[in-house]
Amino acid sequence: MSPKGKQIIIAEEIIISKIYNVRGKHVLLAQDLAELYEVETKVLNQQVKRNIRRFPERYMFQLTKDEYDRLRSQNVTLKRGQHVKYLPYAFTEHGILMLSSVLNSERADKVNMIIIDTIVKLRDLMFLHKDVVQQLEQVQNKLTEHDNQIMVIFEYLKQLEAAKHQELEQKNRKRIGFRTKGSPED
């Protein structure tokens, strides 16, 4: 437990590395949250089970074996080769907020604020990223349109060049037919 008023510093990168996308939601796993709260995973899970009515599925859910295996194969932070007795719980943003009330500790309150602030920053960055992607798509569409127009101009120039070349060939071709003594040779 942290002494009253002591500031808790957790790097955003640490929190971000513990956020996973499962079932289309950003979640943190119970074991990672327990580590951040400095409690045992078992204690965290017990508190959740004692207050299960506060954790509907939109706040917290247990991973399936397949989901857990996929997370383990994608992330080196999850311990490989270690068999789990129970599949971990995944907590959404709202579930994380609810955890501070059931853990009832100053550290849980402070850590939750840091986690929620980080999640909000990530969400803002994703919206910013989305806007930038949309703007890039608009620029790409304009460039594609310009490319098409340039191709039309090049085709027209090629046709003009071919017509000019044909005209020049016509003019420079050797004349055939009857020539008189006074006519110039081509």
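Side notes on the structure shown:
- Using the Cβ-Cβ distance between I14 and D131 with R0 = 25 Å, the FRET efficiency computed as 1/(1 + (r/R0)^6) comes to roughly 0.35.
- Among the listed pairs K85/K110; K142/K171; K25/K110, those with a Cα-Cα distance over 32 Å are K142/K171.
- Taking Cα atoms only, the orientation of helix 41-50 departs from the longest principal axis of the chain by about 80 degrees.
- Between V139, M126, V102, the Cα set farthest toward the positive side of the dipole of the chain (charges on each charged residue's Cβ, about the Cα centre) is that of V102.
- Relative contact order (%) - criterion: Cα under 8 Å, at least six apart; region: the chain: 22
- Reported to the nearest whole Å, the Cα centre-to-centre distance from region 1-68 to region 112-186 is 54.
- 0 to 90° range, to nearest 10: angle between helix 106-172 axis and the chain longest Cα axis: 10
- In the chain, taking the dipole from charged Cβ atoms about the Cα centre, the farthest positive-side position among M113, I176, Y59 is held by Y59.
- Gain in span if fully extended, M151 to K181, counting 0.36 nm per residue against the direct Cα distance: 5.6 nm
- Simple Cβ-charge dipole of the chain, Lys/Arg +1 and Asp/Glu -1, about Cα centre, in debye nearest 20: 460
FYI, it's all coordinate maths here, none of it is from the lab. Only a predicted model underlies this, so the values are computations on that prediction, with no experimental measurement involved. FYI the Cβ positions are ideal-geometry reconstructions off the backbone, even for glycines, and counts take in every protein chain you see.
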